[in-house]
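This report concerns only the one structure given below.
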Amino acid sequence: METELRLESSLWVGNKRYRAVLSGWHFNWTEVDKKNRDKKTISVPVAEVVGVEEGRVEILPRKSVEDTDKDFTVFYVKRSSSGSSYGLLWRLGRIQFSCPSRVLRDQWTKHLRTALKTHSPLRPNRLLVFINPFGGKKKGRKIYHSLVAPLFELAGISSHVIVTERANQARDHLLKKDLKGFDGVVCVGGDGMFSEILHGLIGRTQQEAGLSENDPTVALQPCPLHIGIIPAGSTDCVCYATVGVIDPVTSALHIIIGDSQPLDVCSVHQASALMRYSVSLLGYGFYGDVLAESEKHRWMGPLRYDYSGTMVYLSNRSYAGIVQYLPADPLLSSPRDRTRCLSGCSVCSRTTERLFPHSSVYTSCLSFCAFPGEWVSVEGRFRCVSLTCMSSSCPKSPLGLSPSAHLADGTGDLILVWDTHPLGFLKFLYRHTSTQDQFDLPFVEVHRVKRVPAKSVWNCDGEILSSTEILCRIHGQLVRLYARGIEEGAAVHNCGKENDKCQMGCTLIK
Ligand SMILES: Nc1ncnc2c1ncn2[C@@H]1O[C@H](COP(=O)(O)OP(=O)(O)OP(=O)(O)O)[C@@H](O)[C@H]1O
């Protein structure tokens, strides 16, 4: 196959001659007549070629084709810095080549298209798109139609678009309607919209597999459809933590090239019923209260989170409780090992091998059923207890709640913040916004876990909240996103003089 796909010839870009080579996994071109000895080669992984079109083609501001029979245009992923310390923006690169003959032009387009199919088998052909018109700044429709749809069209993706008219419409659609022919589901919105898709797809998959979601001992079936997130909400944490930037074009390009990022999902049960699925933050105490408070102030828009955070902090509450957890194997990884889960993460890859030993395609989750190990129990007064299946990084907290958490290793990080004086707690909160280690405080503990807790009784200002007796189980790699995690080159840590104090050790991630 490799030899069949190889093609090499001279091509022109304007009046400059280039040597273009398609070989193996790369397509590259080098200017040949350049006097300067530093001949620059542009090399694009075939998997990152977005599309190949005959003629001289532009797609922005709108599609135009100059149909010359010796020219072809290649669209590809081009990276640029986002200007912040994490995440690279992806943009649509474009180059127009001229060939000496039409025959050669047709050979190039045919070879490149075949290479695309061979090297990125997960590229979607058909997508189901849900737009929340009221998410974030209410720009979901505009973002999709002006930035995303032209790219999907260029890549030959057909999409069925549904603009939601009510909350939970997307979830209900996924639970009940025919999904045949779709390769993935895209949500245009924020974390709430993502959660709808998550619940709908997981529920549908278990229905079809005849599994009960309510039973925490059941190994759930991984979802066959990928999820794409076009960020258009007031909180887009799942997008940020899995792509590294909040940018609709970057996310659209990840969808187009069929990137695949598995994600752990935590199921939260109460008695014998499923309450929710969670991928980022499950929080009791402070974070739970902030959410409850913010719901009362929705009219403030995204500002409500800052306002509610301040109000809840000033109320200075703590909660008595018992937390039990089943620790994960400390030899595999630890929440304080100062690593970061980046694109191609080896810890997550080992989990993929363990969960799906014989196939790169998700089939069943049998090897994850056994839970050896001893439960640990702690009791006392807490400021907050959080469980997160990912770093939960966001623009306000670029390293996140648990900077070394993994997206797809089948574990979650349990953060226990014991009752402390208000300034101590403020220090803990503030460290989330800097590069200082928020776990390096005497009243904070963090544990990597598989299950939390068998019993958790919470006392809120002297009142027992019986509904908070829950059981959480982390399901390894239950869903897959059109993403690839934060890319290594992107994770350059902008510490400057703070280098010695940097929690991530900087050199580890450069
Ligand atoms: N048409 C609609 N009308 C009202 N609510 C909707 C509609 N479509 C989706 N929703 C709900 O809106 C909620 C918030 O949506 P989304 O996450 O897209 O935006 P957001 O601004 O980031 O919201 P938040 O920050 O409040 O989570 C979701 O829980 C979703 O179920």
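Throughout, read-outs are computed from the coordinates displayed, never taken from laboratory work. Because the structure is a prediction, the values reported are computed rather than measured. Because the Cβ atoms are built from the backbone with ideal geometry, glycine has one as well, and the counts that use them run over all protein chains shown.
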Using the alpha-carbon atoms, what tilt in degrees (0 to 90, nearest 10) does helix 346-355 show relative to the longest principal axis of the chain?
80 degrees
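To the nearest 20 Debye, how big is the dipole of segment 2-119 about its Cα centre, given +1 on the beta carbon of each Lys and Arg and -1 on that of each Asp and Glu? Show your work: numbers first, answer last.
On the way: 22 positive and 15 negative charges, 83 e Å.
In total the dipole reaches around 400 debye.
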Output for the chain (equivalent-ellipsoid semi-axes, sqrt of 5λ from the C-alpha gyration tensor, Å, descending) is 44, 25, 22
Of Lys137/Lys296; Lys142/Lys180; Lys16/Lys70; Lys16/Lys117, pairs whose Cα-Cα distance is over 24 Å
Lys142/Lys180; Lys16/Lys117
May I ask which of Lys139/Lys396; Lys177/Lys450; Lys427/Lys450; Lys139/Lys177 have a Cα-Cα span longer than 30 Å here?
Lys177/Lys450
Name the residue from Pro100, Leu220, Asn28 whose Cα lies farthest towards the positive end of the charge dipole of the chain, charges +1 on Cβ of Lys and Arg and -1 on Cβ of Asp and Glu.
Pro100
If Val32, Val290 are placed from fewest to most neighbouring beta carbons inside 10 Å, the sequence is Val32, Val290
Within 10 Å of each candidate Cβ there may be at most 16 other Cβ atoms; applying that plus a DSSP loop requirement, which chymotrypsin sites (Phe, Trp or Tyr not before Pro) in segment 123-178 survive?
Phe134
Under a Cβ-only charge scheme (Lys and Arg +1, Asp and Glu -1), can you give me the dipole magnitude of the chain about the Cα centre, in debye to the nearest 20?
1460 debye
Longest the chain segment clear of GluC sites (Glu not before Pro) sitting in DSSP loops (not H, G, I, E or B) with at most 10 other Cβ atoms within 10 Å runs 166-373
Cleavage-rule hits (trypsin sites (Lys or Arg not before Pro)) in segment 159-211: DSSP loop, at most 13 neighbouring Cβ within 10 angstrom:
Arg166, Lys177, Lys180
For segment 122-259, just say rounded, prolate or oblate: build the C-alpha gyration tensor, square-root its eigenvalues into a ≥ b ≥ c, call rounded for a/c under 1.5, and beyond that prolate if a/b exceeds b/c, oblate if not.
prolate
